[in-house]
Each structure stands twice: as C-alpha cells, then as structure tokens.
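Engineer: The structure that follows is given in the form of structure tokens.
The values are calculated or read from the model by the stated rules, or taken from the named source; none is laboratory data. Worth saying up front: this structure is predicted, and the values here are computed from it rather than measured. In this analysis, Cβ positions are derived from the backbone assuming ideal geometry, glycine residues included, and neighbour counts consider all displayed protein chains.
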Amino acid sequence: MVYEMTHAERVQYKRVQDAAYQAGEDAVTSLQAALALADMTLPSLSNGGPVAGHGFVRLGGCNAAFAHRLAEVIAAGANALQYQR
C-alpha cells in the first residue's frame, strides 16, 4: 500500500521545500559576495536545490591554486574572528 499525503501535508511539504530552496539561494549569494571581497570567483558555485528539506549549495571544482588561495582567505578570516574574541 502506498501512503498518499493529505492536502495539508502536501502544502506543508511544499513550504519546507520552498524554504530550503531559498536558503540555498541565499547561501550562494552570500558566498559569492564574500568571495568577491577577496577578488575571487567560483564559477561552478550554484544552488543544488532542496535536499532532505535543507538548502544545498554546490561548490563545484576548482584548481589547486584557487583552493590554496581560498584556504588562505578562510584562515585569515578565522584568525580575525578569534582575535576579536
């Protein structure tokens, strides 16, 4: 037997999926802006759509030089945050 969702369950499911999709969009926008501050672009950065009711961001691939530069920027930001505390 296959369970069929009620109308209310379908509406709630759609709301959760829509919110998860939007969370992914917001995260992509936020990460693009942060990367731009470091004069960096990750061309394959995209919204992966909702996954299990949560936003999902596809970071994609990059070359080794970009990965090292990204690690430097993240480390510098993390150090700055620790210094503020």
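Engineer: Out of all the residues in the stretch 44-51, is one or more surrounded by fewer than 13 Cβ atoms within 10 Å (Cβ to Cβ) and either touching a residue at least 60 places away in the same chain (Cβ under 8 Å) or in a helix (DSSP H, G or I) (or both)?
Structural biologist: Scanning the stretch 44-51 turns up no residue that is surrounded by fewer than 13 Cβ atoms within 10 Å (Cβ to Cβ) and either touching a residue at least 60 places away in the same chain (Cβ under 8 Å) or in a helix (DSSP H, G or I) (or both).
Engineer: Also, quick follow-up: Going residue by residue through the stretch 56-66, is there one that turns out to be in contact with a helix residue (DSSP H, G or I) (Cβ under 9 Å, 6 or more places away or on another chain), at pLDDT 95 or above and surrounded by 15 or more Cβ atoms within 10 Å (Cβ to Cβ)?
Structural biologist: Within the stretch 56-66 (the criterion being in contact with a helix residue (DSSP H, G or I) (Cβ under 9 Å, 6 or more places away or on another chain), at pLDDT 95 or above and surrounded by 15 or more Cβ atoms within 10 Å (Cβ to Cβ)), the answer is yes, since at least one residue qualifies.
Engineer: When both residues are 6+ apart or on different chains and their Cβ atoms are under 9 Å apart, which pairs have a first residue that lies in the stretch 65-77 and is within 16 Å of Gln32 (Cβ to Cβ), and a second that is surrounded by fewer than 11 Cβ atoms within 10 Å (Cβ to Cβ) and among the aliphatic types (A, V, I, L, M)?
Structural biologist: Once the first residue is within 16 Å of Gln32 (Cβ to Cβ) and sits in the stretch 65-77, its partners that are surrounded by fewer than 11 Cβ atoms within 10 Å (Cβ to Cβ) and among the aliphatic types (A, V, I, L, M) give Val73/Leu37.
Engineer: Can you give me the number of residues within the stretch 5-36 that are more than 28 Å from Leu70 (Cβ to Cβ) and either in contact with a His (Cβ under 6 Å, 6 or more places away or on another chain) or aliphatic (A, V, I, L, M) (or both)? Before you say what the answer is, go through the steps one by one.
Structural biologist: We begin by selecting, within the stretch 5-36, every residue more than 28 Å from Leu70 (Cβ to Cβ); these are 5-19.
Still in the running and either in contact with a His (Cβ under 6 Å, 6 or more places away or on another chain) or aliphatic (A, V, I, L, M) (or both): 5, 8, 11, 16, 19.
Adding up the residues that qualify gives 5.
Engineer: Which condition from (1) at positive phi; (2) at pLDDT 95 or above is the one that Gly53 breaks?
Structural biologist: With respect to (1) at positive phi; (2) at pLDDT 95 or above, Gly53 is out only on (2).
Engineer: Among what's in the stretch 1-42 and is charged (D, E, K, R) and surrounded by fewer than 13 Cβ atoms within 10 Å (Cβ to Cβ), pick the residue that is farthest from Ala76 (Cα to Cα).
Structural biologist: If we filter the stretch 1-42 for residues that are charged (D, E, K, R), which is where we start, we get 4, 9-10, 14-15, 18, 25-26, 39.
From the residues that got through so far, the ones that are surrounded by fewer than 13 Cβ atoms within 10 Å (Cβ to Cβ) too are 4, 9-10, 14-15, 18, 39.
Details: Glu4: 51, Glu9: 46, Arg10: 45, Lys14: 40, Arg15: 38, Asp18: 34, Asp39: 15 Å.
By that ranking, first place goes to Glu4.
Engineer: Is the stretch 15-28 home to any residue that is among the hydroxyl-bearing types (Ser, Thr, Tyr) and free of Cβ contacts under 8 Å to residues at least 24 places away in the same chain? Outline the logic, then answer.
Structural biologist: Of the residues in the stretch 15-28, the ones among the hydroxyl-bearing types (Ser, Thr, Tyr) are 21.
Those left that are additionally free of Cβ contacts under 8 Å to residues at least 24 places away in the same chain: none.
No - not one qualifying residue is present in the stretch 15-28.
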